[in-house]
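Worksheet for the structure shown next.
The values are calculated or read from the model by the stated rules, or taken from the named source; none is laboratory data. All values reported here derive from a predicted model rather than from experimental measurement. All Cβ positions, even for glycine, are placed from backbone atoms using ideal geometry, and neighbour counts span all protein chains on display.
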Amino acid sequence: MRPTMQVEIWSDVVCPWCYIGKRRFEKAAAELADEVDLQVVYRAYQLDPTASPGKSAPVAEAYAKKFGGPERAAQIIRHVSDVAAGEGLEFRMDRALRANTLLAHRLLWLAEGTGRQERLKERLLQAYFCDGLDVGDPDVLAQCAADVGMPADRVLAFLHSDDGTTQVLEQLRAAADAEITAVPTFVLDGRWAIPGAQDPDTFVTVIRRLLAKRADEAAAVAEAAACNDEVCDV
């Protein structure tokens, strides 16, 4: 029977490296499929919490303001798009819209434990980076949810409520408490963090080392000194 390992992925749906990192991690997971059952959960992180809900604008404009002008923004977009293409992703960031992602994270929280969270994460990333959709719009989010088998009407009602807000804010605080300052960050077994969109070989190497460390820890526990009714180890 394969051992299990929880993987908490702290990321944002408007982060290009989070999408690239997701693809690379998936390749590593496929290579490790016979060795470990990686149980992935997505956690919330907001790169741009000041984005105004309901006021989308081209992300290229936001990049220009943030990174020093249109030329620098275009350079960044070209670079991440080229890297994404190497992972089989066709970014269309010329169509991407700046969005506040709090609603998207609430929706991902709702999907946790349903067997649909990973597919929903993929759909939201695709919507933002490839389809030019506003992932801050409740109607867009409801359609994305419907695309992965969630009932759109219930999702829309959920998004128009406050449900899940407290839990998502707790995730954001947990990231700050854990000193997670960049995404993606992959936290394994709640103890070990892998920052950034690492290549698949790095993920494979680290996970195998952690599995070996687990085995060593288990052996140490099994061999630890103890007393019984008749004798104590010395």
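Quick notes
- Flag not set for GLY113, criterion: out of contact with any Asp or Glu (no Cβ under 9 Å at 6 or more places or on another chain), touching a residue at least 60 places away in the same chain (Cβ under 8 Å) and either in a helix (DSSP H, G or I) or under 27 Å from LYS27 (Cα atoms) (or both).
- Verdict on ALA85 being over 23 Å from ARG43 (Cα atoms), of a type in the set (A, V, I, L, M, F, W, C), part of a helix (DSSP H, G or I) and at pLDDT below 95: no
- For ALA33, the criteria (1) without any contact (Cβ under 8 Å) to a residue 12 or more places away in the chain; (2) surrounded by 15 or more Cβ atoms within 10 Å (Cβ to Cβ) hold in every case but one, which is (2).
Here's the yes/no breakdown for (1) in a loop (DSSP other than H, G, I, E, B); (2) in contact with a helix residue (DSSP H, G or I) (Cβ under 8 Å, 6 or more places away or on another chain); (3) free of Cβ contacts under 8 Å to residues at least 24 places away in the same chain:
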site: GLU118; (1), (2), (3): no, no, no
site: TYR128; (1), (2), (3): no, no, no
site: ASP139; (1), (2), (3): no, yes, yes
site: ARG154; (1), (2), (3): no, no, yes
site: PHE158; (1), (2), (3): no, yes, no
site: ASP163; (1), (2), (3): yes, yes, no
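- Residue match in region 35-42 (condition: in a strand (DSSP E or B), modelled with pLDDT under 95, out of contact with any Phe, Trp or Tyr (no Cβ under 8 Å at 6 or more places or on another chain) and not small (Gly, Ala, Ser)): no
- Verdict on PRO53 being within 30 Å of THR165 (Cα to Cα), touching a Gly at 6+ places or on another chain (Cβ under 8 Å) and surrounded by fewer than 20 Cβ atoms within 10 Å (Cβ to Cβ): yes
Let's see how each residue does on (1) aliphatic (A, V, I, L, M); (2) over 19 Å from ASP48 (Cβ atoms); (3) buried (at least 20 other Cβ atoms within 10 Å of the Cβ):
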{"residue": "LEU103", "(1), (2), (3)": "yes, no, yes"}
{"residue": "LEU110", "(1), (2), (3)": "yes, yes, yes"}
{"residue": "TYR128", "(1), (2), (3)": "no, no, yes"}
{"residue": "VAL155", "(1), (2), (3)": "yes, yes, yes"}
{"residue": "PHE158", "(1), (2), (3)": "no, yes, yes"}
{"residue": "LEU169", "(1), (2), (3)": "yes, no, no"}
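- Flag for ALA176 being modelled with pLDDT under 95 and not in a loop (DSSP other than H, G, I, E, B): no
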